[in-house]
Each structure stands twice: as C-alpha cells, then as structure tokens.
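Before any comments, here is the structure.
The values are calculated or read from the model by the stated rules, or taken from the named source; none is laboratory data. Just so it is clear, the model here is predicted, and its values are computed rather than measured. In this analysis, Cβ positions are derived from the backbone assuming ideal geometry, glycine residues included, and neighbour counts consider all displayed protein chains.
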C-alpha cells in the first residue's frame with residue numbers, strides 16, 4: 001500500500017494537520033458556502049471587514065486534506081486585503097502558496113476561491129456602498 005502523504009508536500013501537510021483560522025466569526029460581515037455533500041467537499045468562509053479591509057477570515061471545511069489546506073491558506077492570504085484586492089483573488093495564489101497540489105486536487109483551491117468570493121458577495125449585498133468601484137469594474 002502506498003503512503004498517501006507522499007501526494008502532498010510539507011506545506012500542504014502543515015496546513016492540513018495544523019489549520020489556521022478554523023471556525024466561525026461571530027457576527028461575520030460576509031459568509032460564503034460552496035460545494036455539496038454529494039461531491040464530498042463543503043467550504044464555508046466567514047469574514048470580518050473593517051473600513052474596507054479584511055480584518056479576519058475563518059473557515060469550516062468538510063473535505064479532504066487538500067480542501068482543508070486550501071481553506072487554511074486562503075484565509076491566511078486574504079487577511080489585510082481590501083475588498084477590491086480580495087475580489088481579484090484566484091485559486092492559483094492558493095496553489096502557489098501551498099507549493100503545489102496534485103492535479104486531481106486543484107478543484108479544492110477553486111472551492112476556496114469560490115467560498116471567499118461568495119463571502120465577499122454576501123458582504124457587498126449587505127453593504128453595496130462599500131464596493132462601488134469594484135462593482136463598476138473600476139480597479140485601483
């Protein structure tokens with residue numbers, strides 16, 4: 001039997017075994033949940049946003065090691081970004097920061113991007129004035 005851990009590098013394993021920012025944010029400003037139990041991965045990201053900047057990000061993920069590691073890394077990467085900066089966040093940032101993922105696990109990084117963007121959209125829906133430039137397609 002092959003060792004499952006050989007699929008993953010040290011950074012991925014570290015974020016899987018010692019996830020950062022796990023849990024919910026009480027009174028979150030934006031919450032995004034993506035995935036489906038049928039496919040096996042469900043990701044929820046909650047955000048605390050203050051003065052147009054992501055102050056805190058937390059996640060709850062039901063899924064494989066890559067899904068947990070992707071959620072953990074995504075929340076680390078987006079803290080401190082403005083809403084406009086976070087809206088341009090991509091799954092490739094997660095893959096690069098993790099030092100790569102096996103091709104069959106890239107979808108986990110895509111879920112992290114989608115959960116983050118769903119949380120941002122939730123925030124924007126509640127606070128439309130906060131992201132006017134991004135909504136109009138204007139970039140900083």
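Within the stretch 111-131, is even one residue in contact with a helix residue (DSSP H, G or I) (Cβ under 7 Å, 6 or more places away or on another chain) and modelled with pLDDT under 95?
Yes, the stretch 111-131 contains at least one residue that is in contact with a helix residue (DSSP H, G or I) (Cβ under 7 Å, 6 or more places away or on another chain) and modelled with pLDDT under 95.
When you scan the stretch 75-89, do you find a residue that is closer than 17 Å to residue 14 by Cα and touching a residue at least 24 places away in the same chain (Cβ under 8 Å), even just one? Break it down stepwise before answering.
Step one: list which residues in the stretch 75-89 are closer than 17 Å to residue 14 by Cα, which gives 75-77.
Imposing the further condition that a residue be touching a residue at least 24 places away in the same chain (Cβ under 8 Å) reduces the set to 75-76.
Yes, the conditions are met somewhere in the stretch 75-89.
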